[in-house]
Amino acid sequence: MSFVRVLFYFMSFIAIVSALYAASTKNLVRSIFVFFVTLFALAGLYVLALADFVAVTQVVIYVGGILVLIIFAFMLSGKETLNVIQQQKGKFFSMAKLPAILLAALFFIVMINVVLKADADNLGWVKDSIATNNTITPNAVMIDNIGVNLMTRYLLPFEAISILLLMALVGAAHLSRKEAKI
Amino acid sequence: MITLTDFLVVSVMLFCIGLYMIVSKRNAIQILIGIELILNAAILNLVAFGKHDSVNNSGQIFALFAIVLAAATTAVALAIILNVYRKYKTIDPGKINNLKD
């Protein structure tokens, strides 16, 4: 078993266990902070998939931006959310969670079957790309290629995303302002 | 060497955990975390397949777009959650039962 494979199993183990903990814990604060760990482990998985630029973007935007936003929302919505959690603690909860567990488990079975049947490593275009040396090698530098592609081939989606981001920011600022007294 | 199927299995697991969170949680912020998990599972797939496209880098570039879209979604969703909290004093989606007016 190669070192890369050991790293892969390690990262995916951390990602899945921390996601499971975030899903199962009753404590909202713990859930948010464990989600940090999941995101870092996912960034590690992106590095193992030879996408280092995406991994850095993941760390900067998700961990630096989104999680800080979530923590802000949690701090601002405050004590009430904690009270809800305290009330739920005494309840008999496994029965209420049963439909959700069933749904997730059935989805898991179906999708695992699809993945195993699809056999992604023997797809036509994947074999073609391996045969024509189109696969990214571990020592290749992809960042300049990504930059050039972003400004030429994918310029239209890039602009569309930027407009959408502007709209979302204006919308968020509009939604979160104080309403005028009537 | 890590095969594509390994990445797909990990992303399926993350997707199912996210789905479970969305369905079972009674707290809007945790539901948002579930949505983020599902988005991350999708991004993992994009990146894993993008490994086999070194000329166009389509997988990695669309992974970047997906990350930016997730940031925009979260900003708007959190603004909505804050507004809902201000109006109802709770963020349990099951207890929010009337529209404006």
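The values are calculated or read from the model by the stated rules, or taken from the named source; none is laboratory data. All of these numbers come straight from a predicted model, not from anything done at the bench. Cβ atoms come from the backbone with ideal geometry, glycine included; neighbour counts cover every protein chain shown.
Take the conditions over 26 Å from B:D6 (Cα atoms) and modelled with pLDDT under 85 and apply them to B:I91. Does it pass?
Judged against the criteria, B:I91 is a match.
Against the condition closer than 18 Å to A:M142 by Cβ, touching a residue at least 12 places away in the same chain (Cβ under 8 Å) and either hydrophobic (A, V, I, L, M, F, W, C) or more than 7 Å from chain A (Cβ to nearest Cβ) (or both), how does B:A66 come out, does it pass?
Against the criterion (closer than 18 Å to A:M142 by Cβ, touching a residue at least 12 places away in the same chain (Cβ under 8 Å) and either hydrophobic (A, V, I, L, M, F, W, C) or more than 7 Å from chain A (Cβ to nearest Cβ) (or both)), B:A66 qualifies.
In this structure, does A:L45 turn out to be crowded, with 20+ Cβ neighbours inside 10 Å, in contact (Cβ under 8 Å) with a residue 24 or more places away in the chain and outside any helix (DSSP H, G or I)?
In short, no.
Residues to consider are B:G34, B:G59, B:G94, B:G18; find the one that is surrounded by fewer than 21 Cβ atoms within 10 Å (Cβ to Cβ), of a type in the set (G, A, S) and in a helix (DSSP H, G or I).
Just one listed residue meets the conditions, B:G94.
Of the conditions (1) under 27 Å from B:S58 (Cα atoms); (2) modelled with pLDDT of 85 or more, A:I32 satisfies every one except a single condition; which number is it?
(1)
Farther than 24 Å from A:A49 by Cβ, without any contact (Cβ under 8 Å) to a residue 12 or more places away in the chain and of a type in the set (S, T, N, Q): is that true of B:N57 in this structure?
For B:N57, the condition - farther than 24 Å from A:A49 by Cβ, without any contact (Cβ under 8 Å) to a residue 12 or more places away in the chain and of a type in the set (S, T, N, Q) - is not met.
Can you tell me how many residues in the stretch B:1-31 are facing chain A (nearest Cβ under 7 Å), closer than 19 Å to A:L69 by Cβ and within 13 Å of the chain's Cα centre (by Cα)?
Matching residues across the stretch B:1-31 total 3.
Look at A:M167 and say whether it is facing chain B (nearest Cβ under 9 Å), in contact with a helix residue (DSSP H, G or I) (Cβ under 9 Å, 6 or more places away or on another chain) and within 16 Å of B:V68 (Cα to Cα).
Spelling it out, A:M167 is indeed facing chain B (nearest Cβ under 9 Å), in contact with a helix residue (DSSP H, G or I) (Cβ under 9 Å, 6 or more places away or on another chain) and within 16 Å of B:V68 (Cα to Cα).
Exactly one of these conditions fails for A:F74: (1) facing chain B (nearest Cβ under 10 Å); (2) over 21 Å from B:F7 (Cβ atoms); (3) free of Cβ contacts under 8 Å to residues at least 40 places away in the same chain; (4) of a type outside the set (A, V, I, L, M). Give me its number.
Failing condition for A:F74: (3).
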